[in-house]
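What follows draws every value from the coordinates through simple rules; no lab data is involved. It should be emphasised that the depicted structure is a prediction, and the values quoted were computed from it without experimental measurement. Methodologically, a virtual Cβ is constructed for each residue, glycine included, from the backbone with ideal geometry; neighbour enumeration extends over all protein chains shown.
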Amino acid sequence: MAATRESILGILSDVKDPELPMIDVVELGIVRDVSFDDGHLTIDITPTYSGCPAMQVIEQEIVATLASHGFADARVRMVYSPAWTTDWMSEAGREKLRAHGIAPPHLVEHSGGGIAELVSLRRAKPTTECPFCGSSNTTEKSEFGSTACKSIHFCNSCHQPFDHFKSF
Amino acid sequence: MLGHRLSEWCGHGPILEEDIALANIALDLIGQATLFLKLAGETEGKGRSEDALAYFRDAIDYRNVELVEMPNGDYAYTMVRQFLFDVFSYHMLEQLQKSTNPALAGIAAKGFKEVRYHVRHSSEWVVRMGDGTEESHTRAQKALDDLWRLTAEMFQADDIDREMAAEGIGPDIAAIEPKWRAVVDDVMKRATLTIPNDPPAMTGGRKGRHTEYLGHMLSEMQIVARSYPGAEW
């Protein structure tokens with residue numbers, strides 16, 4: 001078998017996130033490992049959020065896509081640790097989000113602020129640039145958006161509401 | 001349980017952003033519950049799936065604290081209940097990440113990241129409503145007065161909890177209380193709300209003796225699965 005980790009990752013780049021179809025599962029950073037055990041192909045993926053409804057679809061898509069490339073017995077294993085972070089999203093993936101009007105995640109801060117930082121209405125929030133006009137003059141409207149992974153923002157410069165892929 | 005309660009707000013939230021926020025938080029909680037129940041079913045080894053445990057157990061076999069089965073009430077009641085639970089959940093999952101059981105530690109690590117967002121959301125609403133108008137303050141204080149006596153149950157360790165803690169599988173839940181209390185005190189002070197001096201209520205949720213509310217809630221939550229057992233789509 002001539003399949004390599006790279007060629008498998010190449011095939012997996014055909015599997016898109018059903019809720020963010022501009023970005024594939026490799027760019028999203030949820031493919032954690034590709035392994036061959038006695039010729040059986042196993043793909044380790046990790047969920048984004050515990051309740052993300054896209055995970056089941058992604059799992060089925062990975063199996064179907066690999067099958068269509070001749071890997072009929074490939075299986076998907078769900079791994080939970082270490083927990084997924086948006087820091088694993090590739091640069092190309094971030095740019096695709098931006099091009100589609102979704103501000104990409106910031107690098108996750110390890111501020112060590114603990115609980116004190118969690119309960120203040122005045123806590124400093126990182127500036128999220130508008131994906132349409134690039135302005136930094138934006139306002140966070142809600143930390144919860146149309147999917148588990150996004151928050152809702154408004155650009156005060158171009159007056160456009162936009163989604164932000166939360167740093168997680 | 002709390003995930004299902006919150007889902008009852010879907011389509012009824014006071015503003016669109018809050019409707020969406022509660023649906024998101026409900027989804028996180030139901031997702032966490034799914035992972036825990038799946039692991040419980042695998043550990044039990046009798047072939048029960050997460051769905052079997054969620055939809056085919058009766059109230060007497062549920063082990064949730066009574067706080068999370070209380071009806072939603074008004075928005076102040078929902079948010080105060082959420083805050084009191086979120087701060088517990090935050091500290092519990094923080095500890096559970098250190099579990100000697102790697103599967104539990106992995107689920108906890110994921111959930112812990114999600115609960116950070118939940119604590120922020122509920123604590124900020126408690127402050128806004130407590131330190132808001134006379135009306136919002138009155139409602140938030142009433143919610144705290146009603147719910148406070150149910151909070152002690154979260155920290156009452158039973159024999160199983162003690163055994164789990166001794167083996168390093170679960171956290172020492174009694175030791176979480178002072179950490180929880182410090183955060184709750186801080187937020188209630190900012191919210192200008194007064195913590196009542198009432199003794200803990202007699203509760204039995206963790207032994208399967210629930211309030212009357214749980215049965216009504218389960219009847220709605222379980223009816224589709226029980227009407228069409230084994231259905232798939």
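With a bin width of 20 angstrom, please list the P(r) values of the protein assembly as shown as percents of all Cα-Cα pairs, from the 0 bin to the one holding the largest distance.
Over the protein assembly as shown, the share of Cα pairs per 20 Å bin runs 24, 56, 19, 1 percent.
Taking H as built 1.01 Å from N, whose amide H comes closer than 5 Å to the amide H of residue A:76, not counting residues under 5 places away?
Under 5 Å from the amide H of residue A:76: A:43.
With a 10 Å cut-off between alpha carbons and a GNM built on chain A, which of A:107, A:121, A:66 moves the most?
Among A:107, A:121, A:66, the largest GNM mean-square fluctuation belongs to A:121.
Straight-line reach from residue A:150: which lysines have Cα under 21 Å away, leaving out those fewer than 8 places along the same chain?
The reachable lysines, counting only those whose Cα sits under 21 Å from residue A:150, are A:16, A:96, A:125, A:141, A:166, B:110, B:113.
Could you tell me the calculated FRET efficiency between residue A:69 and residue A:99, based on Cβ-Cβ distance and R0 = 25 angstrom, to the nearest 0.05?
Numbers: r = 28 Å, r/R0 = 1.11.
Given R0 = 25 Å and the Cβ-Cβ separation, E is 0.35.
Can you sort A:88, B:125, B:233 so the residue with the fewest Cβ neighbours within 10 Å comes first?
Numbers: A:88 15, B:125 24, B:233 3.
Fewest to most other Cβ atoms nearby, the residues stand as B:233, A:88, B:125.
Please list the equivalent ellipsoid semi-axes of chain A, computed as the square roots of five times the alpha-carbon gyration tensor eigenvalues, in descending order and whole angstrom.
Details: eigenvalues 232, 63, 31 Å².
Semi-axes from the Cα gyration tensor: 34, 18, 13 Å.
Using only the Cα atoms of the range B:105-181, build the gyration tensor, take square roots of its eigenvalues as a ≥ b ≥ c, and label the shape rounded, prolate or oblate: rounded if a/c is under 1.5, else prolate if a/b is larger than b/c, else oblate. List each step's numbers first, then the result.
Values: a/c = 4.07, a/b = 1.79, b/c = 2.28.
Verdict is oblate for the range B:105-181.
Would you mind calculating the gained length between residue B:135 and residue B:10 on full extension (0.36 nm times residue separation, minus the Cα-Cα distance), in nm to one decimal? Display every interim value, and only then the final one.
On the way: separation 125, 0.36 × 125 = 45.00 nm, distance 2.41 nm.
Working it through step by step, the gained length comes to 42.6 nm.
If I stretch the segment between residue B:159 and residue B:189 completely, what's the gain in nm (0.36 nm per residue apart, minus their alpha carbon distance), one decimal?
That works out to 7.3 nm of additional length.
Starting from the amide H of residue A:32, placed 1.01 Å from N in the peptide plane, find each other amide H under 5 Å away whose residue is 5 or more places distant or on another chain.
Counting only residues 5 or more places away or on other chains, the set is A:44, A:45, A:46.
Taking the alpha-carbon centroid of each part, what is the distance from the range A:1-53 to the range B:189-216 in angstrom?
45 Å
Through the Karplus equation 6.51 cos²θ - 1.76 cosθ + 1.60, θ set to phi - 60°, convert the phi angles of the range B:162-172 into ³J(HN,Hα) values in whole Hz; use x for Gly and Pro.
3J(HN,Hα) across the range B:162-172, in whole Hz: 5, 5, 4, 5, 5, 8, x, 7, x, x, 7.
Going by how many other Cβ atoms sit within 10 Å of their own, how do A:17, B:58 line up, fewest first? All intermediate terms of the calculation are to be shown ahead of the outcome.
Values: A:17 23, B:58 11.
Taking fewest neighbouring Cβ atoms as first place, the list is B:58, A:17.
Before rounding to the nearest 500, sum -39500 (n - 2.57) across all DSSP H runs of length at least 4 in chain A and divide by the residue total; then give [θ] at 222 nm in deg cm²/dmol. Numbers along the way, then the final one.
Values: 5 runs with 41 residues, N = 168.
Value at 222 nm, helices only: -6500 deg cm²/dmol.
Can you list residues from other chains, or at least 5 along the same chain, whose modelled amide H is less than 5 Å from the amide H of residue A:144?
HN-HN under 5 Å from residue A:144: A:152.
If the label point is 7 Å along Cα→Cβ of residue A:79, which residues in the range A:48-62 have backbone nitrogen under 11 Å from it?
Backbone N within reach: none found.
Using a Förster distance of 56 Å, how high is the FRET efficiency between residue A:88 and residue B:207, based on the Cβ-Cβ distance and rounded to 0.05? If you can, show how the numbers build up before the last one.
Numbers: r = 43 Å, r/R0 = 0.76.
Efficiency, rounded to the nearest 0.05: 0.85.
Using the Cα centre of the protein assembly as shown as the reference point, and only Cβ charges (+1 on K/R, -1 on D/E), how large is the resulting charge dipole? Debye, rounded to the nearest 20. Numbers along the way, then the final one.
Numbers: 39 positive and 59 negative charges, 104 e Å.
For the protein assembly as shown, the charge dipole is close to 500 debye.
Name the shape class, rounded, prolate or oblate, that the alpha-carbon gyration tensor gives for the range A:79-154, where a ≥ b ≥ c are the square roots of its eigenvalues, rounded holds for a/c under 1.5, and otherwise prolate holds if a/b is larger than b/c and oblate otherwise.
Numbers: a/c = 1.82, a/b = 1.11, b/c = 1.64.
Taking the square roots of the gyration eigenvalues as a ≥ b ≥ c, the range A:79-154 is oblate.
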